[in-house]
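Worksheet: one structure, shown below.
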Amino acid sequence: LLGLPTAAVGGTLGAMAPVDPPVESPTVLPRPVSVEHDADADPFVLTPDSRIVAAGEAAEAGAFLASVLRPSTGYELPVVTEGGHGADITLQVGAEHAVEGYEDSAEAYTLGSGADGVVVSAASAHGVFNGVQTLRQLFPAFVEHDEVTAGPWTVPAVSVLDSPRFDYRGIMLDVARSFQTVDEVKQFIDSLVQLKMNHLHLHLADDQGWRIEITNEGRVEGDDIDYTRLTSVSGQTAMTEQGYEDEPGRTGFYTQEDYAEIVDYAAQRHVVVVPEIDTPGHTQAALHAIPQLNTEGAAPEPDPQTGVPPAHGTGEVGHSTLDTRNEVTYTFLEHVWSQIAELTPGPYLHIGGDESHVTEEEDYIFFMERMIDVVEDLGKEPFGWNELALADVHEGNVLQMWSAGTAGAAVAPERVNENGARMVVSDAPRAYLDQRYDGDDPEDPDDSVSPIGLSWACPDECTVERYYDWDPQELFPDVNTEGFLGVEGPLWSETVRGIAQAQWLVLPRAATVLEIGWTPQEDRELEDFFGRLATLGGRLTLQDHNFYATPEVEWA
Ligand code: TNX
């Protein structure tokens, strides 16, 4: 099933009755700011006559909701622009629907349900979309089935008021070490939007491969680089080791149309794509494909037997660097980024910057400061791993905090408070989704419940509990509250092959990251979280999304 052994496959479908009881007490992930449940009041009941009333800016969320509800209920559920009877679901967007007390929030919404219907209201289309994700979870789990199932399709009588703690709630997918197809990325998005992820960070280039087509169109005068080699050469390489049952990393790349399709699919779900080309380290794939970048001393000689540079396909890090003192490097990156910027409506371009161990520090700073200008000149906001804080970053630039013990981490709070940079927290021992659930047992690695995953960040165990019980602001107590843009859970893919394996590592731990990003810190509590998480397993199973059924949770 799904390319993993049964021990590694979540799933509770067999244990579930074909018709599950109506939801009695609401369980929503991430936990909303406030839910009032009137247990004595009659619930809302969806009927064959129900309609989705969604005019203007609410229309897209209306179509999305219909696509969830139609297959399982078998009802027609037309999306109409006016109406309103007790069996209807009304979605409304407009300034007049701003949520009281949360007028500044671009994502806040309210949801009311009962015998008179369901009404979701927000000032923005994104707010109503968020409300729709909450509404899905208020229906019985079988609403997620792709075949007609018996109801009743009820929603308890609730009044929800909700708004996120942070603007940035991201998950990263590393497609460089092992490729994921467009359809796989769409499945990944599907499994995470229901938890209100709003940014998808795509790690598009690393030592092992280059995954986005760059054409020769628009080269500046004197530039003789053949950019198509990035994918014709380095789209065909990947990790050579560490996969489950020794499967090597998957190769491939996105054409520009493919990438645009992902960006579009994400945007329709209010997810912003953050593309990363990691530099100046993690660049063996670019060096391998583009001879001009291999200035004297920039890259190791290829192995004469394989034609591939040493360490190319292994998980080893920190052995490659671009030549920071040669103009060809900047000609190359300006061309690459101008094409990616053109295809990326979101505000951020991620320039990497991690683990450049063979770049001299002054060269590294020189390089990063030039790259900040390159990105800003394209009208975009530079984003980088915490090492970027070594550079004199600008207001608005984003520092992704992955490890307190690495370069740049110590100076980052000052960069935020004084330069006006912002932080996205991805602390490895609490947020890295590529880590094995039960750490590393050096005595018997085969005995681990995790046939895949690394273990360096939390050698003991990277449990759901550990990933839930922390507060990003507490990790950086000196940083101004406005300096926190949000949180992200990165999935690195040294050991990940295909989307089922990605989902197995990411779910359910992504629910911790996304709740940390959404719910006020004072409202988060582990037992309450586990209780709500228990209901996610059945939904994921019905949606055909893989997950790890951790024994920490009593799955419903
Ligand atoms: C460190 S974290 C890396 C990645 C690896 C990851 C594996 C960071 C910014 N760089 O290159 O894939 O560890 O967990």
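The values are calculated or read from the model by the stated rules, or taken from the named source; none is laboratory data. Note that the coordinates shown come from a computational prediction; the quantities given were computed from them, not determined experimentally. Virtual Cβ from ideal backbone geometry, glycine too; neighbours counted across all protein chains shown.
The criterion of at least 1 residues that are more than 16 Å from Ala54 (Cβ to Cβ) and not charged (D, E, K, R) is met, among strands (runs of 3 or more DSSP E) falling completely within region 95-189, by 109-114, 153-155, 158-162, 168-174.
In region 476-495, the qualifying residues are those that are within 16 Å of the ligand (Cβ to nearest atom) and not in a loop (DSSP other than H, G, I, E, B), and the one that is farthest from His201 (Cα to Cα) is Val487. With respect to being within 16 Å of the ligand (Cβ to nearest atom), crowded, with 22+ Cβ neighbours inside 10 Å and closer than 14 Å to Glu387 by Cβ, Thr324 falls outside the description.
Return the total of residues in region 354-370 being within 16 Å of the ligand (Cβ to nearest atom) and within 26 Å of Gly218 (Cα to Cα). Total meeting the criteria: 1. Given Thr550, Thr541, which one is outside any loop (DSSP other than H, G, I, E, B), away from the ligand (no atom under 16 Å from the Cβ) and either in contact (Cβ under 8 Å) with a residue 12 or more places away in the chain or among the hydrophobic types (A, V, I, L, M, F, W, C) (or both)? Testing whether each residue is outside any loop (DSSP other than H, G, I, E, B), away from the ligand (no atom under 16 Å from the Cβ) and either in contact (Cβ under 8 Å) with a residue 12 or more places away in the chain or among the hydrophobic types (A, V, I, L, M, F, W, C) (or both) leaves just Thr541.
Residues in region 71-116 that are among the charged types (D, E, K, R) and surrounded by 15 or more Cβ atoms within 10 Å (Cβ to Cβ): Asp88, Glu107, Asp116. Output the residue which, of all residues in region 161-177 that are within 14 Å of Ala502 (Cα to Cα) and touching a helix residue (DSSP H, G or I) at 6+ places or on another chain (Cβ under 8 Å), is farthest from the ligand (Cβ to nearest atom). Restricting to residues being within 14 Å of Ala502 (Cα to Cα) and touching a helix residue (DSSP H, G or I) at 6+ places or on another chain (Cβ under 8 Å), the top hit is Ile171.
For region 121-131, state whether one or more residues are out of contact with any helix residue (DSSP H, G or I) (no Cβ under 6 Å at 6 or more places or on another chain), crowded, with 24+ Cβ neighbours inside 10 Å and more than 22 Å from Gln268 (Cβ to Cβ). Taking every residue of region 121-131 in turn, none turns out to be out of contact with any helix residue (DSSP H, G or I) (no Cβ under 6 Å at 6 or more places or on another chain), crowded, with 24+ Cβ neighbours inside 10 Å and more than 22 Å from Gln268 (Cβ to Cβ). In region 383-404, is there at least one residue being within 16 Å of the ligand (Cβ to nearest atom), over 23 Å from Thr321 (Cβ atoms) and not basic (Lys, Arg)? Yes: region 383-404 contains one or more residues that are within 16 Å of the ligand (Cβ to nearest atom), over 23 Å from Thr321 (Cβ atoms) and not basic (Lys, Arg).
Listed residues Tyr468, Tyr432; which is within 17 Å of Arg509 (Cα to Cα) and within 16 Å of the ligand (Cβ to nearest atom)?
After ruling out the rest, the residue left standing is Tyr432.
Summed over region 408-423, residues that are part of a loop (DSSP other than H, G, I, E, B) and not β-branched (Val, Ile, Thr) total 5.
Among the criteria (1) within 16 Å of the ligand (Cβ to nearest atom); (2) at pLDDT 95 or above; (3) surrounded by fewer than 22 Cβ atoms within 10 Å (Cβ to Cβ); (4) within 20 Å of Ile277 (Cα to Cα), the one Ala409 does not fulfil is (4).
Only one residue in Gly517, Gly531, Gly498 is at positive phi, small (Gly, Ala, Ser) and either assigned by TED's automatic domain parsing to the domain that holds Thr251 or surrounded by fewer than 24 Cβ atoms within 10 Å (Cβ to Cβ) (or both), so which one is that? Selected residue: Gly498, the only one of Gly517, Gly531, Gly498 that is at positive phi, small (Gly, Ala, Ser) and either assigned by TED's automatic domain parsing to the domain that holds Thr251 or surrounded by fewer than 24 Cβ atoms within 10 Å (Cβ to Cβ) (or both).
Table: residues versus (1) aromatic (Phe, Trp, Tyr); (2) surrounded by fewer than 22 Cβ atoms within 10 Å (Cβ to Cβ).
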site	(1), (2)
Ile365	no, yes
Asp373	no, yes
Asn386	no, no
Gly420	no, yes
Pro429	no, yes
Tyr432	yes, no
Gln435	no, no
Ser448	no, yes
